[in-house]
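Worksheet for the structure shown next.
The values are calculated or read from the model by the stated rules, or taken from the named source; none is laboratory data. Keep in mind it's a predicted model, so treat the numbers as computed, not measured. Note that we place each Cβ from the backbone using ideal geometry, even for glycine, and neighbour counts take in every protein chain shown.
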Amino acid sequence: MSTKWLGIDDMTGYDERDAVWELAAEAAAASRARTLTAETLRAWRVTDPADVDDIVLMVDELITNAIVHGTGPVRLRLHLDGPAIVGEITDDDPAVPGAPAAPPLLDWSEQGRGLLLVTALATGYGCRPAGRGKTVWFTRLLHTANGNGRAPT
C-alpha cells in the first residue's frame, strides 16, 4: 500500500493482518489517519458500512486526542485479530485520558465527546503505558451479513 501521496514516507509495516504508521503531531494527521484506516479496512475486505464508519470515526477521535493532549509523533496500529479489529494510538505523553462522562451527557460540546463516542462504538476500550508514553486502544467486533461477528473473507 503506497502512502507517499499522503505525505507519509515512514510507514513501518502493512500486511494482511497488521498496519502501522507514524504520523507527525499536526492537524493534518487526523485526515491522513482516516484515509489510511479506510484503505486498510478495504484491503482487509471489511465491507460493512457501519464497521468502516465506526472504526474510522474512533481512529479520528483518538488521533485527534493524541495530537491535542499528547506529545511527540503519533503512532497508529491497526490489527485484524480474527473476528475483530484492534486499533492502537500511541503518543509520548504518559498522562492517561480521563474517563468519559457517564450518560446522560448534559453537554454535547465538541470538546470531550471523543472518548464517549469511542466507548459507545467499541467492543472494548482502554489505555496502557507504552515506553515513555501511553497507548489508547479499542477493539471492534466485525459484523457479517447475518449479524454475527467474524473476520472478513
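If you go through region 128-149 one residue at a time, do you hit one that is within 14 Å of ALA30 (Cα to Cα), out of contact with any strand residue (DSSP E or B) (no Cβ under 6 Å at 6 or more places or on another chain) and either surrounded by 17 or more Cβ atoms within 10 Å (Cβ to Cβ) or modelled with pLDDT of 95 or more (or both)? Break it down into steps so the answer makes sense when it comes.
First, pick out the residues of region 128-149 that are within 14 Å of ALA30 (Cα to Cα): none.
So far as region 128-149 goes, no, none of its residues is within 14 Å of ALA30 (Cα to Cα), out of contact with any strand residue (DSSP E or B) (no Cβ under 6 Å at 6 or more places or on another chain) and either surrounded by 17 or more Cβ atoms within 10 Å (Cβ to Cβ) or modelled with pLDDT of 95 or more (or both).
Among the residues of region 89-98 satisfying the criterion of being touching a helix residue (DSSP H, G or I) at 6+ places or on another chain (Cβ under 9 Å), in contact (Cβ under 8 Å) with a residue 24 or more places away in the chain and not hydroxyl-bearing (Ser, Thr, Tyr), which is nearest to HIS143 (Cα to Cα)?
So, considering only residues that are touching a helix residue (DSSP H, G or I) at 6+ places or on another chain (Cβ under 9 Å), in contact (Cβ under 8 Å) with a residue 24 or more places away in the chain and not hydroxyl-bearing (Ser, Thr, Tyr), the one nearest to HIS143 (Cα to Cα) is ILE89.
Condition first: closer than 23 Å to GLU22 by Cα and either modelled with pLDDT of 85 or more or in contact with a Gly (Cβ under 9 Å, 6 or more places away or on another chain) (or both). Can you find one or more residues in region 106-121 that meet it? Yes; the residues of region 106-121 include at least one that is closer than 23 Å to GLU22 by Cα and either modelled with pLDDT of 85 or more or in contact with a Gly (Cβ under 9 Å, 6 or more places away or on another chain) (or both).
From ALA50, ALA95, which residue is small (Gly, Ala, Ser) and either in contact with a strand residue (DSSP E or B) (Cβ under 8 Å, 6 or more places away or on another chain) or in a loop (DSSP other than H, G, I, E, B) (or both)?
Numbers: ALA50 fails: either in contact with a strand residue (DSSP E or B) (Cβ under 8 Å, 6 or more places away or on another chain) or in a loop (DSSP other than H, G, I, E, B) (or both).
Within the list ALA50, ALA95, the selection yields ALA95.
Cβ separations smaller than 9 Å between residues 6+ apart or across chains give the following pairs from region 52-81 residues that are more than 23 Å from ARG17 (Cβ to Cβ) to residues that are of a type in the set (Lys, Arg) and surrounded by fewer than 19 Cβ atoms within 10 Å (Cβ to Cβ): GLU61/ARG113; GLY72/ARG132. Quick one: in region 34-56, of everything that is acidic (Asp, Glu) and within 18 Å of ALA122 (Cα to Cα), which residue is surrounded by the fewest Cβ atoms within 10 Å (Cβ to Cβ)? Filtering first and then ranking leaves ASP53.
Of the residues SER31, SER2, the single one that is surrounded by fewer than 17 Cβ atoms within 10 Å (Cβ to Cβ), at pLDDT below 90 and polar (S, T, N, Q) is SER2.
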